[in-house]
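The values are calculated or read from the model by the stated rules, or taken from the named source; none is laboratory data. Small disclaimer: the values here were computed from a predicted structure and weren't measured. Cβ placement follows ideal geometry from the backbone for every residue including glycine, while neighbour counts extend to all protein chains displayed. We work out accessible area using only protein heavy atoms, side chains counted, and drop any ligands, DNA or RNA first. Shrake-Rupley method; radii C 1.70, N 1.55, O 1.52, S 1.80 Å.
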Amino acid sequence: MVEVLRREEKYPLSVIDMSNYKAKFSAILMPDKFSKNGSYMVRSLYFDTPDDKDFFDKLKEQNLRRKIRLRIYSPYDTKAKLELKQKENIFQKKRSLTISKEDAVELINSNYSVLLKYDDDFAREIYSIMCMYAYKPKSIVEYQRYALMAKENNIRLTFDSEIRATESSFDLFSENLPLNPVFPKDKIVFEVKYDKFLLGYISEIISTINVKNITSSKYCLSRTTGYTVN
């Protein structure tokens with residue numbers, strides 16, 4: 001199990017602004033290991049309760065809330081990350097467990113008992129949560145990500161574009177998902193993730209962004225069939 005506790009800020013940028021800020025940050029930061037050859041795919045399947053508690057907790061901006069998802073980076077991946085994100089006031093705590101493709105498919109089919117074969121406290125905890133609240137797959141989100149990082153203070157900057165989603169298929173490993181745009185094509189989501197504080201030279205550049213940070217959630221954006229989300 002891997003755990004991180006961090007702050008997150010999100011900004012909607014135009015494609016032109018993205019190019020400008022990507023150039024500025026690329027001059028002082030290094031790409032993460034996945035972005036060395038450019039952007040890469042991120043695909044996440046989100047689970048929620050029958051009454052969509054996590055969805056509505058996010059819309060209401062509850063101080064304590066969570067999201068459960070499976071994440072892959074290619075339809076050909078043989079493993080997936082099972083992640084639990086918990087909002088605790090201004091911090092985001094994310095815990096993740098790498099599981100096999102076969103076990104990921106079992107989770108999608110509501111067979112949560114596969115988690116009990118992992119000798120891991122987090123696996124047992126998320127098993128209990130998913131069983132107790134009857135979590136089911138709700139949507140899949142896919143986008144292209146370019147990420148930069150600074151080793152100091154675990155700082156990570158991401159540029160997410162081509163955000164698409166589906167609520168009609170939960171085949172996470174499909175090569176042909178029926179995805180539809182859920183965010184303007186001429187906009188991208190710029191995210192700033194860091195532990196406790198930002199380094200000054202990075203904060204100085206971010207302060208020049210002339211749009212307000214947003215609380216947009218890719219999961220909420222993906223629920224466009226069942227709900228209307230601004």
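Whole-Hz ³J(HN,Hα) for each residue in the range 153-169, computed from phi via Karplus 6.51 cos²θ - 1.76 cosθ + 1.60 with θ = phi - 60°, x for glycine and proline: what do you get?
6, 6, 8, 9, 10, 10, 10, 10, 10, 6, 6, 10, 7, 8, 10, 9, 9
Report the Stokes-Einstein translational diffusion coefficient (µm² s⁻¹, integer) for the range 97-141, Rh taken as the Kirkwood radius over Cα pairs, at 37 °C with viscosity 0.692 mPa s. Could you put the intermediate results ahead of the total?
Numbers: Rh = 10.9 Å.
Estimated diffusion coefficient is 302 µm²/s.
Search the structure for amide H atoms under 5 Å from the amide H of residue 48, placed 1.01 Å from N in the peptide plane, and list their residues when 5 or more places away or on another chain.
Under 5 Å from the amide H of residue 48: 136, 138.
Once phi is turned into ³J(HN,Hα) by the Karplus curve 6.51 cos²θ - 1.76 cosθ + 1.60 with θ = phi - 60°, what whole-Hz value does each residue of the range 60-72 show in order, with x for glycine and proline?
Whole-Hz 3J(HN,Hα) from phi for the range 60-72: 7, 6, 5, 5, 10, 7, 8, 9, 10, 8, 10, 10, 9.
Could you name the aspartates and glutamates whose alpha carbon sits less than 12 Å from that of residue 187, not counting residues in the same chain fewer than 8 places away?
The qualifying aspartates and glutamates are 17, 160, 162.
Treating only the Cβ of Lys, Arg, Asp and Glu as charged (+1, +1, -1, -1), what charge dipole size does the chain show about its Cα centre? Round to the nearest 20 debye. Walk me through the intermediate numbers first.
Numbers: 39 positive and 32 negative charges, 90 e Å.
That gives a dipole near 440 debye.
Using only the Cα atoms of the range 36-163, what are the Rg and Dmax in Å?
That works out to 15.3, 42 Å for Rg and Dmax.
Among 108, 99, 209, determine the one that fluctuates most according to a GNM of the chain built with springs between C-alpha atoms less than 10 Å apart.
Judging by the Gaussian network model, the answer is 209.
Ordering 204, 88 by accessible area with a probe of 1.4 Å, largest first, what comes out?
Working: 204 130, 88 70 Å².
From most accessible down to least: 204, 88.
To the nearest 10 square angstrom, what accessible area does residue 57 show with a 1.4 Å probe?
Residue 57 exposes around 20 Å² with every protein chain in place.
Mean residue ellipticity at 222 nm from the helices of the chain, using -39,500 (n - 2.57) per DSSP H segment of n ≥ 4 over the full residue count, to the nearest 500 deg cm²/dmol?
Numbers: 6 runs with 51 residues, N = 230.
Theoretical 222 nm ellipticity from helices: -6000 deg cm²/dmol.
List the lysines whose Cα sits under 16 Å from the Cα of residue 33, skipping any in the same chain fewer than 8 residues away.
In chain and number order, the partners are 151.
Once you have the Kirkwood Rh of the chain from its Cα pairs, apply Stokes-Einstein at 25 °C and 0.890 mPa s and quote D in µm²/s. Please report the intermediate quantities before stating the final value.
On the way: Rh = 18.4 Å.
Answer, rounded: 133 µm²/s.
Could you work out how far helix 121-132 tilts from the main Cα principal axis of the chain, as a 0 to 90 degree angle to the nearest 10?
Once rounded, the angle reads 70 degrees.
For the range 1-61, list log₁₀ I(q)/I(0) at each q in 0.12, 0.20 Å⁻¹, using the Debye formula over Cα point scatterers of equal strength and ignoring solvent, two decimals each.
Debye output, listed in q order: -0.57, -1.13.
Given the alpha-carbon gyration tensor of the range 25-87, what are the semi-axes of its equivalent ellipsoid in whole angstrom, ordered largest first, with each equal to the square root of 5 times an eigenvalue? Walk me through the numbers before you get to the answer.
Working: eigenvalues 169, 63, 15 Å².
Result for the range 25-87: semi-axes of 29, 18, 9 Å.
How long are the three semi-axes of the equivalent ellipsoid for the range 149-230, computed from the Cα gyration tensor as the root of 5 times each eigenvalue, in whole Å, largest first?
On the way: eigenvalues 185, 48, 25 Å².
Sorted largest first and rounded, they come to 30, 16, 11 Å.
Taking residue 87 as the anchor, which lysines have their alpha carbon closer than 17 Å to its alpha carbon, excluding any fewer than eight residues away along the same chain?
Once the sequence-local lysines are set aside, what remains near residue 87 is 10, 53, 58, 60, 67, 193, 196, 218.
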